[in-house]
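First comes the structure, then the notes that go with it.
The values are calculated or read from the model by the stated rules, or taken from the named source; none is laboratory data. Source: prediction; values computed, not measured. No Cβ is skipped: glycine too gets one built from the backbone with ideal geometry, and neighbour counts run over all protein chains shown.
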Amino acid sequence: MTRDDKINSLVDSEIERLAQVFKTTSEVLSDEEHRVLNKIFRFDGITPFDKKSNDLIDLEYKETINKEYTNE
């Protein structure tokens with residue numbers, strides 16, 4: 001899996017978690033809402049993904065995957 005694939009997975013996971021806070025899922029978000037959240041998580045977060053090291057992205061990806069499997 002490439003770095004970009006992992007980033008995409010992390011962003012999708014964060015959007016889904018945010019949607020769950022509002023008792024919904026990311027599938028019911030409008031295209032505009034999804035686009036804005038995607039942009040926020042990619043560029044305006046505390047530490048944007050483009051400034052993180054490959055090792056940190058790998059670690060966050062593995063943690064996200066592990067959380068998804070343990071929540072089921």
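Listing for the model above:
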quantity	calculated
Residue selected from segment 1-25 under the condition hydroxyl-bearing (Ser, Thr, Tyr) and without any contact (Cβ under 8 Å) to a residue 24 or more places away in the chain, by the criterion farthest from Lys62 (Cα to Cα)	Thr24
Segment 48-57, subset assigned to a helix (DSSP H, G or I) and surrounded by fewer than 12 Cβ atoms within 10 Å (Cβ to Cβ), residue modelled with the lowest pLDDT	Asp50
Scope segment 22-31; condition in a helix (DSSP H, G or I) and either surrounded by 15 or more Cβ atoms within 10 Å (Cβ to Cβ) or not aliphatic (A, V, I, L, M) (or both); matching residues	Ser26, Glu27, Asp31
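Conditions (1) surrounded by fewer than 11 Cβ atoms within 10 Å (Cβ to Cβ); (2) part of a helix (DSSP H, G or I); (3) among the basic types (Lys, Arg); (4) at pLDDT below 80, marked per residue:
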| site | (1), (2), (3), (4) |
| --- | --- |
| Lys6 | no, yes, yes, no |
| Ser13 | no, yes, no, no |
| Gln20 | no, yes, no, no |
| Glu33 | no, yes, no, no |
| Asn38 | no, yes, no, no |
| Ile46 | yes, no, no, yes |
| Leu59 | no, yes, no, no |
| Asn66 | yes, yes, no, yes |
